[in-house]
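The values are calculated or read from the model by the stated rules, or taken from the named source; none is laboratory data. Please read these numbers as outputs of a predicted model, since none were measured by experiment. Cβ sites come from the backbone with ideal geometry, for glycine too, and all protein chains shown count toward neighbours.
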Amino acid sequence: MNTLKFVLFGALGVAAVVLLTSERARNMRVELEDKAKENADLLREKLYSLTGSASHTLSELRTLLSSEIEGLSSEARTQIENILNKTARSANGVKRNVANKLA
């Protein structure tokens, strides 16, 4: 029984080596690598687009709160602006971290 297992695993190992070193297998690995790079690029572009629009929206909201809304105390405006600034910094940090991991 042990000899049969040894022969079976040996045959599987040889088959794996043949499959992994063949020209077709090399081409498949290259194609998979190219597709993974394309997907990473698309994801990076979508992330930049998303964070760019989020930053723009936060900037507009910050401008609106700092100048146009009446009835809020200056302390409330300051706290809201601080929250928006922290959110923008956090979004930029996430953008940098994801971009570094995708690079």
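Note on segment 20-44: residues that are under 10 Å from the mean Cα position of the chain (by Cα) and of a type in the set (Asp, Glu) total 1.
Candidates LEU50, LEU72, LEU61, LEU19: the one that is at pLDDT below 80 and touching a Lys or Arg at 6+ places or on another chain (Cβ under 9 Å) is LEU50.
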